[in-house]
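Take a look at the structure below.
The values are calculated or read from the model by the stated rules, or taken from the named source; none is laboratory data. Given the structure is predicted, the values throughout are model-derived calculations rather than measurements. Glycine gets a Cβ as well: all are built from the backbone with ideal geometry, and neighbour counts include every protein chain shown.
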């Protein structure tokens, strides 16, 4: 809340990328769970083959064991974050290829070519997951691997169990597989490119919004700052006073205001020039900022006048702070202007009370400042309306 310039510690925030990785890993685990469900659906189909006496029971257990092994392996890789070493941390292509192994083994032992066609249809499902990560070129790789794997099964059947092949039907099934997977690859790659384009645009939009918010913050700060001293301006000081009054109404507690004026400032301008006067105001402002707390607020009220808002501070505490500021400024040196050049300030202090308005408190602080200047300047005067007849107390050098 103070007008002082605070240096924010800037550095790379390692926790942000870590949180992103954790979020992505959870998403990958979720997708792995979806893939596991697909394995179980295919397992039910394989079990139906057994009930139709198309395969032995042992083959059902082989399919189940391989499914568990593959999913457990990917789960372990994700759990240990080993996948983060790769360009595609989701290991999409690897999961698609791995999912082919159990159904291909079942296909080899199926005697009915029509039954193999059913598994070929199921084998297309894992390729659909590629839409989430694979581009068209990677999709084509996946299609080549899938078709090549099926050709290996057919070659093994032709070599070892030619009676299991269905002749012309096998060519039709192979051609259909190539056509379907090629379409999936082209459409999937196109959809993935659209997703990437939208993601890039969203990223660019987020970046633009962040830059806009930063620019707006700078503009807001500039609108609330005095150009010469860098302190808050009069408008912002009114906002601070309003907030403090509202806080007092919610939770009553002392807060004080202090009007400060540079003594004989007109003479500084007349004798040494306006540049020297500007230098004095900047040095005084910088000095005061060093004396106050982070919750305090100082701003330029106008000309050579400054206003301090001191939350959670009684009038007695405010007087102590004001005296510390007065003595600190009295000790300032201005070698750029002259070796013997000095400035002093006068300060008027008042405490806000709920039964009086902030305007009255400001008027009391202004009256106290006037008394300080009338009494010879370079002093602190406070007026407390709760004391008898609003008596003023004074400290001076």
Using beta carbons and a limit of 6 Å, which pairs, at least six apart or on different chains, have the first residue in the range 164-189 and assigned by TED's automatic domain parsing to the domain that holds residue 150 and the second one assigned to a loop (DSSP other than H, G, I, E, B)?
-> 164/111; 189/135
Going by the structure shown, is residue 69 within 44 Å of the chain's Cα centre (by Cα) and at pLDDT 85 or above?
-> yes
Mind checking whether some residue in the range 241-252 is without any contact (Cβ under 8 Å) to a residue 60 or more places away in the chain, under 30 Å from residue 310 (Cβ atoms) and outside any helix (DSSP H, G or I)?
-> yes
Can you name every residue in the range 45-64 that is modelled with pLDDT of 90 or more, surrounded by fewer than 15 Cβ atoms within 10 Å (Cβ to Cβ) and touching a helix residue (DSSP H, G or I) at 6+ places or on another chain (Cβ under 9 Å)?
-> 57
One residue from 89, 103 being assigned to a helix (DSSP H, G or I) and buried (at least 16 other Cβ atoms within 10 Å of the Cβ) = 103
